[in-house]
Amino acid sequence: MEKIRTRFAPSPTGPFHMGSARTALFNYLFAKKENGVLVLRIEDTDKERSSPEWEKDIIENLKWLGIEYQEGPIRQSDRIQVYKKHLEQLLEQGRAYYCFCPQEELEAQRQEQMSRGEAPKYKGTCKTLSKEEVQKKLAEKTDSVIRFSAESKTITFKDLIRGEVKFDTGLTGDFVIAKDLSSPLYNFSVVIDDAEMQITHVIRGEDHISNTPKQILLQEALGLSRPIYAHLPLILAEDRTKLSKRHGDNSVARFKNEGYLSEAIINFLALLGWNPGDNREIFSLEELVKEFSIERIQKAGAVFNLKRLEWINGFYIRKMPIEKLAELCLPYLKGVGDIPFQTLQEVAALHQERLKKLSEISEIADFFFTENLGYPKEMLLWKDYKEKDIAKALETVAAVVSDIKEKEWNRKKLEEVLLKKAEEIGDKGYLLWPMRVALTGKKASAGPFEVADILGKEKTIERIEKAKSLLDLG
Ligand code: GLU
């Protein structure tokens, strides 16, 4: 049997986004499952828009996600001579021709066709130029492009996801395949490369489906074989329009920086258009390789549901060994203060259940590592109590906890003695609210016993004293 070969062919013209990552993942899963090969091809023929920075972004994030390719990266910019040879062949055979029509003229034609309700297409003006005329214009350096002389016919292809797809290429007209011999355009270079790299399956976004008939026409003209196509469903935002920049930053880097785990992103992306046939939602990359099948990819658009991503991420965070979680949290607490790893592990353990993404740790746990809490004293107040009453409450807390021996300092003991005192007084919040604010500087946080436990006796008393000193005792 022929070896399966897929390719992921991004254009490095902007940040590597989640939609591209899904395409890469599906190509990877399919190739891996079939013991095939995934080729990474960088489609960088658009010199103005491509940049090495974005190529790096793609390569680094594929690596981070664990999407491995067996061949590449192959850059199209290194293969200009190859495309040139094929362009020359088509020109020689009269299957392609130079077009010198000025932009304004083309635009006027388009407008006119559209006003008549026709699909705009090139009229073929330059197709009949003689060899001499073409040579003369080229020698004069008249602006030109190279067009493909496209046959008008019905192209039918079988798409593994969409079934039989039909296009009438009569509506396409003679499309541009290169700006000049050294500047091929996407539809042309993609056809050459898919053939030369012996790609058996082209798995890509649905937005490329209308390019497919053009590519098939070119394959036929060049005598190249046709790969099998599978067009992945569009990714929709929650408003059900195509996910795009309008909906904010959807780059992989953004999600990585916010503290989404690569396992969670992979799991989430797999479910963007694919399902296992039952209601399981958690899959490791290995499990996906086993379970994946193109037949289970849907046609309908797949909604990018951030809540689902958060839920999946929370799941992987909860499963993580504390030491690893602490390590991953560390970058989000940089600059906060001194971070003893032991404390960080305790803090991570305290928040593990609730964390949806790692970056949240800086907001919910920074106070463990800084003495500079900077809260307004009003935050310490509880119900209608006066400042001096709250100062009294803090004094009571300080006295009660001072009696706890260092070696008995733990959450349980703190809870026991403080709740007992609160019962005597008859208002739990009166003691515990100002205590918790004094320790955390926050309106909402983990509870006072857990926090005091991690902070230790000395810091706990220090912070309570400091809070008391903010209050007016008059
Ligand atoms: N460079 C194209 C893109 O990034 C590749 C499309 C294809 O897979 O054929 O959209």
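The values are calculated or read from the model by the stated rules, or taken from the named source; none is laboratory data. Here the structure is a predicted model, which is why all the values come from computation and not from measurement. For neighbour counting, all protein chains shown are included, and Cβ atoms are generated from backbone atoms with ideal geometry for every residue, glycine included. Protein only, heavy atoms only, side chains kept; ligands, DNA and RNA dropped before computing areas. Shrake-Rupley method; radii C 1.70, N 1.55, O 1.52, S 1.80 Å.
Observations on the structure shown:
- Evaluating kT/(6 pi eta Rh) at 37 °C and 0.692 mPa s, with the Kirkwood radius of the chain over Cα pairs in the Stokes-Einstein relation, gives 121 µm² s⁻¹.
- Rolling a 1.4 Å probe over the protein heavy atoms gives region 217-319 an accessible area of 46 Å² per residue.
- With a Förster radius of 45 Å applied to the beta-carbon distance between residue 406 and residue 258, the computed FRET efficiency rounds to 0.70.
- Rounded to 5, the percent of DSSP beta bridges in region 156-243 classed as antiparallel: 55
- Judged by a Cβ-Cβ distance under 4.7 Å, the unpaired cysteines of the chain are 101, 329.
- Treating r as the C-beta distance of residue 112 and residue 328 and R0 as 51 Å, the FRET efficiency rounds to 0.25.
- Checking every one of the trypsin sites (Lys or Arg not before Pro) in region 1-76 against DSSP loop status and a limit of 15 other Cβ atoms within 10 Å picks out 3, 47, 49.
- On the basis of the beta-carbon distance and an R0 of 51 Å, residue 281 and residue 130 show a calculated FRET efficiency of 0.20.
- When only the Cβ of Lys, Arg, Asp and Glu is charged (+1, +1, -1, -1), the dipole of region 34-96 relative to its Cα centre reaches about 260 debye.
- Close amide H pairs (under 5 Å, H built 1.01 Å from N) link residue 68 with no residue at least 5 positions away or on another chain.
- Candidates per GluC sites (Glu not before Pro) in region 35-114, loop by DSSP, up to 15 other Cβ within 10 Å: 48, 68
- Extension reserve of the residue 225-residue 1 stretch, reckoned as 0.36 nm per residue once the Cα distance is removed: 79.0 nm
- Amide proton proximity set for residue 159, modelled H, under 5 Å, gap of 5+: 164, 165
- The loop-placed GluC sites (Glu not before Pro) in region 296-366, going by DSSP, that have at most 12 neighbouring Cβ atoms within 10 Å of their Cβ come out as 353.
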